[in-house]
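One structure is given below, represented as structure tokens, and several questions about it will come after.
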Amino acid sequence: MIKFNSLVKLHYSISNINNIIFESTFDSDPVLVRIGDGTLPIKLEMTLYGLETDHEQIMTLQPKDAFGLRDENHNKTLEMSIFPNIEMVKVGNIIEIDVKEKDGKVSPAFAMIKQVNEDNVLLDLNHPLAGHEIIFKVKIINIDE
């Protein structure tokens, strides 16, 4: 049974309510996740507690219970000159950036390019799935406790 600190091998998919799949491992190798290490967002991880090997589960999660609500003020403006490949700087593109947390730790995050002008790029720092109701599907392959 899955509990805190379990090492879990699983397949998962994240899709919207229109069944557009954003991410899935069902057509590839399963992933290995340590429960409680922050690999999965905590709200998704919590849905795994108590599941057992070979268990499949499909859950619909509201935005606040998945990737959070959108914050229209969660933006950052960067100078165009810091981008190594200007051709990739297009409105709507999603890029990976390093974000400094409150504790000083730097971690990767995704940002969407919201606006571009000659000198600056405005990034939307909300997770791309923030504000979306999602369907979280999992199949537990193995659990090491």
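A short reminder: the numbers here are calculations on the coordinates, not readings from a lab. Everything quoted here is computed from the prediction, not taken from an experiment. Glycine gets a Cβ as well: all are built from the backbone with ideal geometry, and neighbour counts include every protein chain shown.
Ratio of alpha-carbon Rg to the 2.2 N^0.38 Å globular estimate for segment 75-124, to two decimals, please.
In units of the globular-protein estimate, segment 75-124 measures up at 1.15.
Too long at a 27 Å Cα-Cα cut-off: which of LYS64/LYS102; LYS64/LYS105; LYS76/LYS139; LYS9/LYS76?
Details: LYS64/LYS102 21 Å; LYS64/LYS105 24 Å; LYS76/LYS139 37 Å; LYS9/LYS76 36 Å.
With Cα atoms farther than 27 Å apart: LYS76/LYS139; LYS9/LYS76.
Provide Rg and Dmax in Å for segment 1-80, with only Cα atoms included in the calculation.
When restricted to Cα atoms, segment 1-80 yields Rg and Dmax of 15.2, 50 Å.
Longest exposed-loop-site-free stretch of the chain, with chymotrypsin sites (Phe, Trp or Tyr not before Pro), DSSP loop and at most 16 other Cβ within 10 Å?
50-145
If you don't mind, another one. Kindly give Rg over Rh for segment 9-145, based on alpha-carbon atoms, with the Kirkwood expression for the hydrodynamic radius.
Here Rg/Rh amounts to 1.03.
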